[in-house]
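Only one structure is covered here, and it is reproduced in the block below.
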Amino acid sequence: MSRIDSFKHALEEKRAVKIIAGIDNYDIENIKQVVTSAESAHATAVDICAREDIISEVRSMTDMPIFVSSIIPEELVKAVELGADAIEFGNFDVLYKKGMSFDANDVLKMVEKTISLLNGKEVFMSVTIPGEISIDDQIALAVKLESMGIDLIQTEGHYSADTNLTGARALMDRAELTLSNTVELVRNVEIPVMTATGINPTTAPFAFAAGASAIGCGSCVNKLNSTISMIATISSLVEIANKNASKVAEMV
């Protein structure tokens, strides 16, 4: 089974766990630590930035499926050439912090350009649905992406640095929007949905309960200080995902 086929199989069983190093994370030592931890804890895939030297370095160190994230079509196409198993248009959080925004038309134009530049080459492609647009626009965008042959859509929520909430309430507040977006999108498209933004061992069960086939987890892993902590957190996420797969199998 190829690397991307193993990821697709996990999607079918609704147990995929993608560990996100960060679209703007260029710290190669941190990235290598995240990748090593993800592999040790049996995560399904890792997601890294689009810098060429980092893609090549990570490809040389693991046989895990590698997603590369960017909003630049040319970078995504180059990533495929360098050995990426999947490309992700999106992960917009860092761009929001810079004052940038994206509407449905922006996403469609860039996705169409990426597909055109691939020139018929088959590659697994995921697209983030901007959490900033209305849910009606999210649904319309997701339906359009499905018709274009996109393999996976990723939800996101909105995070405000101004919140005064702490503890579990803060975790749930950050994840609340992405969870509700997941519910709506799962109802309206047939392609798998990955829930991201604020997903961690506390909120992951809610993502699967909302209908997600996969979870995308970043800061709960890549901000940790030790490999042991990373492995422990990812192992918890994988256990939650596997329990969901067992529940789904029992229902069939």
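The values are calculated or read from the model by the stated rules, or taken from the named source; none is laboratory data. Here the structure is a predicted model, which means the values were calculated and not measured. Cβ coordinates were reconstructed from backbone atoms using ideal geometry, including for glycine residues, and neighbour counts include every protein chain displayed.
Of these, VAL68, VAL80, VAL17, VAL58, which one is under 21 Å from MET110 (Cα atoms), among the aliphatic types (A, V, I, L, M) and buried (at least 24 other Cβ atoms within 10 Å of the Cβ)?
VAL68
Filter region 39-93 down to the residues that are among the aromatic types (Phe, Trp, Tyr), within 15 Å of GLY22 (Cβ to Cβ) and assigned to a strand (DSSP E or B) and list them by number.
Across region 39-93, the qualifying residue is only PHE67.
Among what's in region 182-205 and is in a helix (DSSP H, G or I) and either of a type in the set (A, V, I, L, M) or modelled with pLDDT under 95 (or both), pick the residue that is nearest to ILE19 (Cα to Cα).
It comes out as ALA204.
Within region 206-231, can you find the residues that are part of a helix (DSSP H, G or I) and within 20 Å of the chain's Cα centre (by Cα)?
Scanning region 206-231 gives PHE206, ALA207, PHE208, ALA209, SER219, CYS220, VAL221, ASN222, MET230, ILE231.
For ASP151, work out the one condition from (1) of a type in the set (Asp, Glu); (2) over 16 Å from the mean Cα position of the chain (by Cα); (3) at pLDDT 95 or above it doesn't fulfil.
For ASP151, the failing item is (2).
Look at ALA104 and say whether it is within 19 Å of THR197 (Cβ to Cβ) and of a type in the set (A, V, I, L, M, F, W, C).
Against the criterion (within 19 Å of THR197 (Cβ to Cβ) and of a type in the set (A, V, I, L, M, F, W, C)), ALA104 qualifies.
Quick one: in region 102-141, of everything that is farther than 16 Å from ILE72 by Cβ and under 15 Å from the mean Cα position of the chain (by Cα), which residue is modelled with the highest pLDDT?
By that ranking, first place goes to PHE124.
Within the group MET100, MET110, which residue is surrounded by fewer than 15 Cβ atoms within 10 Å (Cβ to Cβ) and farther than 21 Å from PHE7 by Cα?
MET100
How do the pairs read when you match residues in region 196-207 that are within 8 Å of THR178 (Cβ to Cβ) and in contact (Cβ under 8 Å) with a residue 40 or more places away in the chain with residues anywhere that are among the hydroxyl-bearing types (Ser, Thr, Tyr) and part of a helix (DSSP H, G or I), using Cβ under 9 Å and keeping only pairs 6 or more apart or on different chains?
Final answer for the pair search is ALA196/THR178; THR197/THR178; GLY198/THR178; GLY198/SER219.
Within the group ALA84, ALA41, which residue is hydrophobic (A, V, I, L, M, F, W, C) and either in contact with a Ser or Thr (Cβ under 9 Å, 6 or more places away or on another chain) or closer than 21 Å to ILE231 by Cβ (or both)?
Going through ALA84, ALA41 in turn, the sole match is ALA41.
Within region 122-152, take every residue that is crowded, with 18+ Cβ neighbours inside 10 Å and of a type in the set (S, T, N, Q) and give me the one that is farthest from LEU11 (Cα to Cα).
GLN138
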